[in-house]
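Novice: Please find one structure pasted underneath; my questions will follow.
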Amino acid sequence: MKWTKRVGGVEWCFLVCGALLCGSVATFGQVSPAAILNPQLKAEETKYLSQMQSLQQAITATKFPFPFHLARYLKAHSGHAARDHNGIEFVYFQDRLLLKVSGIYGAALNAQQMTENQRASRVLQDVIAPMLQLVTQTIPPNVDCDGIGFEIFYDARDVSKTYDYEGRESLVVVFSRDDAFAYARATGDAARQEILNRSDIYMDGKDFGLALGQRNPLNVESLERSVPRQARRVAASGAGSAASATEATPAAKSSPTPADVARLQAKLQPQLNAMMQKDGAKLHLANTPPPIFAMENGQIALHLTMRDTLASPGSASSIYKRAAQSFDLFLAPELKALLKDIPEDAGYGMIDFSVSHSLGAGSVPSETVDYICPQSALRAFAANGITTQDVINQSVVLVNGARIALNLQVVE
């Protein structure tokens, strides 16, 4: 069912979804610590559970211009994931530990009347800014995280004489911890704009220079966020920063060096050679490039190149579906056999399975998916201790070098 309403001279469209109203709603709007495997994230969730529950209750009680509900899986349309309203959680994002609030705003903005920047500004003003006020009222300013992020889905509507199109847009705003509290205190657009200029903002996954009160966005390349993120974070927080994602990661504490990588390669090379000679073809391991150890986000990782032998799902399917099927149907069934041959050593913590496959009838690979997984998670899966989704939750997934989030059940 759909109603239109004018707010501030702009036509909005109020959407009511029967499944949303009738589906079962989680008791809390934040993820339960029991559902989290990563020990650092579990510790943060446990430490701030009562404040997160208070935040959920405050958001639920807030009257937004149109209905808003917390949601963990914003792209899910059916099943358990679509009914998961645990939209407050701690997550890792680009080497940072964030408190994330995500949800769906039940309104559509007229794309003919509002530019992309104006739509982003309206969602920031009507949804994110009020929730940020609630965050700063319930979460302590010295919260042990690097930043506070918001991910909001809403609809954009484009109407002409020949068509009536409505599609979903996403706005992501990631503030540093200190900037989040500063933005909530700011009293003028100039101060708010300065904070936005150094925050990370994405429209539909693309870097975006949101400009308050303007028709068009700012040039992202001219903004402070173009400074390398690590340098920006060190300059902003200094040595007295609360636990950063890098500091919270065990690998950052070990600080391996290129010499460590070389020693590990020399130590385990005989085992790697034996694996390739004995079972390389059977395990679909490529000789070029050969298995090699390298640095990966501050940790030593073993890189293995594989060729997906399953029939290609074709380029018409989404990258998420292809990545999910490649993991569940190709890589996961091979893991137990692979891990019998892969050297188990405390000298490295990650295994990068670089899986290539062709999207068409040709034999040349046209897409590569990297599953960068903790060795401990892989061996727990091989021992039937955790599921494939548990492995993915602890891993980094890249498609042609670009990181994606992956929920296996939702996209398959």
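The values are calculated or read from the model by the stated rules, or taken from the named source; none is laboratory data. Values in this document were obtained by computation on a predicted structure and should not be read as measured data. Note that we place each Cβ from the backbone using ideal geometry, even for glycine, and neighbour counts take in every protein chain shown.
Novice: Among 210, 223, 264, which is the only one that is modelled with pLDDT of 70 or more, outside the structural domain of residue 141 (by TED's automatic domain parsing) and of a type outside the set (Ser, Thr, Tyr)?
Specialist: Result of the check over 210, 223, 264: 264.
Novice: Enumerate the helices (runs of 4 or more DSSP H) found wholly within region 102-203, keeping only those where 1 or more residues are under 21 Å from residue 54 (Cα atoms) and either out of contact with any strand residue (DSSP E or B) (no Cβ under 8 Å at 6 or more places or on another chain) or not assigned by TED's automatic domain parsing to the domain that holds residue 62 (or both).
Specialist: Fully inside region 102-203 and qualifying: 129-138, 177-185.
Novice: If you check 354, 326, which single one turns out to be assigned to a strand (DSSP E or B) and in contact with a strand residue (DSSP E or B) (Cβ under 9 Å, 6 or more places away or on another chain)?
Specialist: 354
Novice: Tell me which of these residue 301 doesn't satisfy, since it passes every other one: (1) at pLDDT 85 or above; (2) out of contact with any strand residue (DSSP E or B) (no Cβ under 6 Å at 6 or more places or on another chain).
Specialist: Just one mismatch for residue 301, condition (2).
Novice: How about region 41-51: which of its residues are buried (at least 18 other Cβ atoms within 10 Å of the Cβ) and either outside the structural domain of residue 89 (by TED's automatic domain parsing) or within 20 Å of the chain's Cα centre (by Cα) (or both)?
Specialist: 41, 44, 45
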